[in-house]
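Notes follow the structure.
The values are calculated or read from the model by the stated rules, or taken from the named source; none is laboratory data. Since this is a predicted model, take the numbers as computed values, not measurements. Note that we place each Cβ from the backbone using ideal geometry, even for glycine, and neighbour counts take in every protein chain shown.
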Amino acid sequence: MKKIILTGLTAAILFSCSSPKSDTAENATTTEMTAVQQEAQTFLDEYSTTYQDLYTKSAEAEWASNTKIVEGDSTNAMATRRANEAYAAFTGSVENIEQARKFLEQKEQLTPIQVKQFEAILYAAANNPQTVPDVVKARIKAETEQTEKLYGYDFKLNGKSVTTNDIDNILKTENDVKKRLAAWNASKEVGPGLKTGLLNLRDLRNKTVQSLGYDDYFTYQASDYGMTRAEMMDMMEQINKELLPLYRELHTYARYELAKKYGEKQVPDYLPAHWLPNRWGQDWSPMVEVKGIDLDGVLKTKGDKWLVEQAERFYVSLGFDKLPESFYTKSSLYPLPPNAGYKKNNHASAWHMDLDKDVRCLMSVEPNAEWYETTHHELGHIYYYITYTNPDVPVLLRGGANRAYHEAIGSLMGLAAMQKPFLAELQLIDKNTQTDEVQTLLKEALSYVTFIPFAAGVMSEWEHDFYAKNLPADQLNKRWWELAKKYQGMVPPTARGENYLDAATKTHINDDAAQYYDYAMSYVILFQLHDHIAKNILKQNPHATNYYGNKEVGKFLHDIMYPGASADWRKMLKDKTGEELSARAMVAYFQPLMDYLKEQNKGRKYTM
């Protein structure tokens with residue numbers, strides 16, 4: 001197809017020329033360009049075939065390691081390491097690096113999509129360069145061992161084994177502060193055992209990418225956006241700044257409301273971490289129950305399978321195809337039975353196993369509101385995979401327009417699925433149910449807005465300091481809590497010395513490192529997309545939309561997802577929403593809440 005187009009273009013140029021001399025020169029140049037492009041395409045086709053095969057084997061091994069963790073059994077870990085080493089040896093091979101560089105030296109003679117593929121080859125190579133094969137092997141081994149430690153950890157509360165879901169439920173519902181503290185402490189016990197491994201991984205990750213010219217691993221990850229480390233941190237600072245006035249009101253409100261709830265006469269200046277309904281203080285939404293809506297109660301009667309199937313029905317209603325049958329047969333969607341004899345990673349994730357038709361989810365779905373939203377989010381990833389798996393997007397560019405877009409699409413659908421008209425469409429609530437719209441907005445703000453200081457502030461700055469500034473090993477926990485106080489206005493219940501490593505209790509610090517700003521950017525993008533959909537497609541109030549069954553919304557999303565990483569993410573955002581990346585839409589969405597919070601906070605002490 002591509003060669004035919006090029007040949008036709010060559011003919012058109014030749015026929016348009018006038019003088020015999022210019023004909024000859026133009027013909028030679030065009031022939032040379034075509035030859036270079038054909039040579040480049042031959043290399044890309046061969047590379048992509050091997051890449052896809054090794055990627056699939058690595059994904060299969062990782063899947064096994066995440067879905068069946070048996071204490072003391074290193075079989076899966078060994079298989080994962082071998083698969084990842086083979087993948088690394090190929091993507092980081094000196095020959096492939098040299099070939100990609102050679103072609104990029106002639107980038108003016110390549111098609112734009114070829115240039116993007118060669119840049120993708122070099123980006124992948126930088127994480128696995130065989131110029132330092134021993135370092136890469138050591139890093140893969142260390143990552144595999146860290147994952148096993150993290151997800152194989154036996155959490156205990158009052159001497160009994162508990163899951164992270166159990167701990168989360170206590171923090172969401174328990175009013176006894178002592179019981180909350182015990183659960184919070186239990187959630188942090190995994191940290192100390194991860195410290196040595198994480199310090200080793202820092203050293204190995206930095207050395208890996210430095211061999212191809214990156215200053216550090218954080219710089220490498222930020223470069224995937226076409227940004228320097230400083231530019232990325234400036235963007236995070238700007239996002240935090242734009243949302244600070246609203247966060248300040250939410251923080252003040254939460255301090256006073258939680259003190260009242262727990263019977264504390266003295267309102268603390270900073271939020272004790274165990275008071276919040278989330279292990280890291282990133283989501284406070286369980287603080288608010290919107291009267292008239294009992295999603296947990298309704299969903300419990302529906303059952304866990306209904307949640308996943310309903311999420312699929314949502315996407316199908318927008319015009320997307322049904323999920324392949326293999327999604328249901330190969331995914332791990334529900335909690336393991338107590339007698340399973342093994343564990344699995346309970347952190348929800350979506351997997352594109354072969355960069356083709358094999359798509360899966362790893363979840364532990366329970367019939368409640370949180371998992372209802374999560375299923376819609378994770379299937380957003382799945383449908384993104386399916387949509388950019390098409391003949392126009394080469395294997396090497398089957399990713400989001402940037403990493404944040406992937407999260408934004410999922411989070412957007414999670415937000416849409418929780419709005420009142422949508423819930424009424426599904427008969428999860430009565431359409432005539434009277435709800436307090438301010439409380440609904442408050443609940444949303446306690447989910448989306450409170451997340452930004454954690455993602456754009458604490459996580460991004462801690463990992464920045466960890467990788468780029470070589471944060472000393474005896475200051476890791478100190479720095480974590482300094483940042484939590486600065487950005488979240490949150491403090492630990494008691495002193496947390498360097499015998500703890502509370503940062504490492506967040507899974508991403510270990511196995512999805514130096515890119516948590518993806519999530520902060522994704523929330524900003526999701527509100528930009530939602531604002532456009534509500535106002536320009538649905539003509540509905542952004543606070544009360546119903547995407548269900550709207551094919552125009554489906555087409556809007558399809559057009560964003562279809563080109564995958566072959567699209568320029570900045571141009572995509574500007575073309576689709578009319579604006580650059582900005583928290584404007586997010587601030588505007590929650591503006592009606594500001595008056596309410598200011599009224600509630602009259603006479604209260606602000607500490608941020």
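Among the residues of the range 82-105, is there at least one that is surrounded by fewer than 20 Cβ atoms within 10 Å (Cβ to Cβ), farther than 24 Å from Pro337 by Cβ, among the polar types (S, T, N, Q) and more than 26 Å from the chain's Cα centre (by Cα)? Yes, the conditions are met somewhere in the range 82-105. Restricting to the range 274-305, count the residues that are polar (S, T, N, Q) and in a loop (DSSP other than H, G, I, E, B). Count: 2.
Among the residues of the range 208-217, is there at least one that is free of Cβ contacts under 8 Å to residues at least 12 places away in the same chain, in a helix (DSSP H, G or I), surrounded by fewer than 19 Cβ atoms within 10 Å (Cβ to Cβ) and not basic (Lys, Arg)? Checked against the condition, which is being free of Cβ contacts under 8 Å to residues at least 12 places away in the same chain, in a helix (DSSP H, G or I), surrounded by fewer than 19 Cβ atoms within 10 Å (Cβ to Cβ) and not basic (Lys, Arg), the range 208-217 yields at least one hit.
Counting only residues that are assigned to a loop (DSSP other than H, G, I, E, B) and among the aromatic types (Phe, Trp, Tyr), which one in the range 144-199 is modelled with the highest pLDDT?
From the range 144-199, those assigned to a loop (DSSP other than H, G, I, E, B) are 152-155, 158-159, 162-163, 174-176, 189-191; that's our starting set.
Restricting the remaining residues to those that are among the aromatic types (Phe, Trp, Tyr) gives 153, 155.
Working: Tyr153: 94, Phe155: 97.
Ranking the candidates gives Phe155 first.
Being out of contact with any Asp or Glu (no Cβ under 7 Å at 6 or more places or on another chain) and either on the phi > 0 side of the Ramachandran plot or among the charged types (D, E, K, R) (or both) is the filter here, so list the residues in the range 331-368 that pass it. Once the filter is applied, which keeps residues that are out of contact with any Asp or Glu (no Cβ under 7 Å at 6 or more places or on another chain) and either on the phi > 0 side of the Ramachandran plot or among the charged types (D, E, K, R) (or both), the range 331-368 yields Gly341, Lys343, Lys344, Asp354, Leu355, Asp356, Lys357, Asp358, Arg360. Among the residues making up the range 514-530, those that are over 10 Å from Glu407 (Cβ atoms), part of a helix (DSSP H, G or I) and aromatic (Phe, Trp, Tyr) are Tyr517, Phe527. Phe454 meets the conditions (1) under 26 Å from Thr164 (Cβ atoms); (2) not in a helix (DSSP H, G or I) in every case but one. The failed one is (2). Residues in the range 546-570 that are in contact with a Ser or Thr (Cβ under 6 Å, 6 or more places away or on another chain) and outside any helix (DSSP H, G or I) were compared, and the one that is surrounded by the fewest Cβ atoms within 10 Å (Cβ to Cβ) is Gly549. For His543, the criteria (1) in contact with a Pro (Cβ under 6 Å, 6 or more places away or on another chain); (2) under 18 Å from Met586 (Cβ atoms); (3) in a loop (DSSP other than H, G, I, E, B); (4) of a type outside the set (D, E, K, R) hold in every case but one, which is (1).
Hey, can you tell me all the residues within the range 86-124 that are more than 23 Å from Tyr225 (Cβ to Cβ) and of a type in the set (Ser, Thr, Tyr)? Hits for the range 86-124 are Tyr87, Ser93. Of all the residues that make up the range 400-420, how many are under 16 Å from Gln221 (Cβ atoms) and either free of Cβ contacts under 8 Å to residues at least 24 places away in the same chain or of a type in the set (A, V, I, L, M) (or both)? Final tally of qualifying residues: 1.
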